[in-house]
Amino acid sequence: MKIITTVMALSFLFMGQAFAQNKKSNPGKMNATEQNEHYTFQLSDKVTRKAVTFKNRYGTILSGDLYLPKNAENEKLAALAISGPFGAVKEQSSGLYANQMAERGFAVIAFDPSYTGESGGEPRNIASPDINTEDFSAAVDFLGLQKNVDRNKIGIIGICGFGGMALNATAIDKRIKAVATTSMYDMTRVISKGYNDVVTLEQRTKTLVDLNLQRWKDVETGEQAYPSSHLPEKLTGSEPQFVKDYFNYYKTPRGFHERSVNSTKGWRLTSALSFMNMPILSYIKEISPRPILLIAGENAHSRYFSEDIYKMAAEPKELVIIPNAVHVDLYDKVDVIPFEKLDNFFRTNLK
């Protein structure tokens with residue numbers, strides 16, 4: 001039985017079936033260095049990178065990369081934890097951000113969320129609004145134990161779907177002194193209501209019926225199924241623009257990574273269930289008086305998430321709209337991502 005789910009059709013991050021043409025990805029040719037240690041960006045010569053692990057509160061071992069500015073061994077540094085986009089790994093956008101922010105003097109960890117990338121957890125490629133929120137707090141734990149980090153100066157950055165998780169973590173974890181998001185998604189909202197909240201009760205009910213029928217299949221086989229296909233192998237030109245944008249990041253050498261959920265098989269079919277009844281940003285006002293910085297592209301299909309959160313949040317808060325930018329431009333385009341703004345925001349507020 002093919003699950004026909006409006007949620008998946010409207011949300012790229014769980015859709016699987018809607019626009020796919022093929023079941024295999026073609027990442028393009030990678031050179032020998034990329035195959036051995038594949039990052040989608042160059043490490044700055046002003047920065048060191050070290051692989052680390054740490055546990056979250058549920059005992060899952062998370063994998064991260066710790067980025068440090070060179071020649072800062074004797075300083076107590078302000079620190080950042082970064083994750084996202086939703087379905088990406090630390091060798092993609094979050095690592096690029098960490099590299100840039102470490103170059104600017106911060107100690108930064110970019111990490112793979114639970115059940116993805118090199119982090120632990122079985123089965124693979126599932127998500128949870130609770131566990132993924134906890135992952136950010138676990139990264140704060142790790143940073144606060146480092147001898148060269150001032151644990152009173154820790155902030156977080158969430159990209160795409162992990163922007164929502166970052167805000168959620170900040171609301172509950174008062175150790176986090178400032179939070180920034182780029183191309184932010186509220187995953188619980190988009191999965192339960194679709195883009196721009198267009199899903200009807202009838203469509204939502206149909207989605208839940210289909211997903212729960214899939215649970216019978218999963219329990220009978222002992223394996224949680226993947227979608228029959230994810231992003232298309234090739235674009236036909238008829239896809240929505242945001243799907244083309246995602247393809248041009250995740251499925252080309254620009255951003256492809258062999259451990260990325262979005263570059264490969266996609267999320268398990270029933271992973272969406274965890275998000276259907278779980279609004280994560282109910283307590284957004286409790287981030288105050290700590291500051292929020294929301295960054296979105298002018299032409300991003302996701303822009304409304306940042307605008308709505310800006311309206312909901314209490315001061316201090318700031319919304320920055322990047323002219324002409326689309327959602328994925330804020331994944332890796334260093335000439336578009338406002339790193340100087342991020343630097344000034346955290347330098348001002350982590351003191």
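The values are calculated or read from the model by the stated rules, or taken from the named source; none is laboratory data. Fair warning: this is a prediction, and the values are worked out from it, not measured in the lab. Cβ atoms come from the backbone with ideal geometry, glycine included; neighbour counts cover every protein chain shown. SASA here: full protein model, heavy atoms, side chains in, ligands and nucleic acids out. Shrake-Rupley method; radii C 1.70, N 1.55, O 1.52, S 1.80 Å.
Largest GNM mean-square fluctuation across Asn324, Asn99, Asn132, computed for the chain with C-alpha springs under 10 Å, falls on Asn324.
Of the solvent-accessible surface of the chain, computed with a 1.4 Å probe and all protein chains present, 50% belongs to carbon and sulfur. Computed from label points 7 Å out along Cα-Cβ, the spacing between Val198 and Lys217 is 2.6 nm.
Identify the GluC sites (Glu not before Pro) of the range 167-242 meeting these criteria: DSSP loop state and at most 15 other C-beta atoms within 10 Å of the C-beta. Qualifying residues, ordered by number: Glu223, Glu233.
Using the Cα centre as the reference, give the magnitude of the dipole from point charges on the C-beta atoms of the range 110-269 (Lys, Arg: +1; Asp, Glu: -1; all else neutral), rounded to the nearest 20 debye.
Numbers: 20 positive and 20 negative charges, 78 e Å.
Approximately 380 debye in magnitude.
Computed over the chain, the per-residue total of -39500 (n - 2.57) for DSSP H runs of n ≥ 4 gives a 222 nm mean residue ellipticity of -9500 deg cm²/dmol, rounded to 500.
Counted residue by residue at 0.36 nm each, then reduced by the alpha carbon distance between them, the extension gain from Lys234 to Glu75 reaches 52.3 nm.
Below 15 angstrom from the Cβ of Val326, what's the summed charge of the other residues (Lys, Arg +1; Asp, Glu -1)? Present the calculation step by step, with values, prior to reporting the outcome.
Numbers: positive: Lys244, Arg254, Arg303, Lys333; negative: Glu239, Asp245, Glu298, Asp329, Asp332, Asp335.
Computed value for this residue: -2.
Residues Leu294, Leu213, Leu208 ordered from highest to lowest accessible area at a 1.4 Å probe: Leu213, Leu208, Leu294. Shown here for the range 62-149: GluC sites (Glu not before Pro) in loop regions (DSSP other than H, G, I, E, B) with at most 12 other Cβ atoms within 10 Å, namely Glu73. Of the whole protein surface, Asp335 contributes about 130 Å² of accessible area at a 1.4 Å probe radius. Across the chain, Cα-Cα distances exceeding 35 Å account for 17% of all pairs.
Considering only the other residues whose Cβ falls under 14 Å of the Cβ of Thr200, what net charge follows from Lys and Arg at +1 and Asp and Glu at -1? Numbers along the way, then the final one.
Numbers: positive: Lys193, Arg204, Lys206; negative: Asp197, Glu202.
Neighbour charge sum, excluding Thr200 itself: +1.
Qualifying trypsin sites (Lys or Arg not before Pro) in the range 205-297, where qualification requires a DSSP coil assignment and no more than 15 other C-beta atoms within 10 Å, comprise Lys234, Arg254. Measure nothing fancy, just the Cα-based angle from helix 339-349's long axis to the longest principal axis of the chain, in degrees from 0 to 90, nearest 10. Compared with the principal axis, the helix lies near 60 degrees. Relative to the longest principal axis of the Cα atoms of the chain, the long axis of helix 93-103 makes an angle of roughly 10 degrees. Fully extending the segment from Ala51 to Glu122, taken as 0.36 nm per residue of separation minus the present Cα-Cα distance, adds 23.4 nm.
Using C-alpha pairs under 8 Å with a sequence gap of at least 6, the mean separation divided by the residue count of the chain gives a relative contact order of 22 percent.
Gyration tensor analysis over the Cα atoms of the range 187-331 returns equivalent ellipsoid semi-axes of 29, 23, 14 Å (largest first, whole Å). Specify the longest stretch of the chain that does not include any exposed loop site, a site being one of the chymotrypsin sites (Phe, Trp or Tyr not before Pro) with a non-H, G, I, E, B DSSP assignment and at most 14 other Cβ atoms within 10 Å. Of all site-free stretches, the longest is 59-282. The residues of the chain have, on average, 42 Å² of accessible surface per residue, using a 1.4 Å probe with all protein chains present. As I understand it, the value is the acute angle between the Cα axis of helix 161-172 and the longest principal axis of the Cα atoms of the chain; what does it come to in degrees, rounded to 10? Once rounded, one gets 60 degrees.
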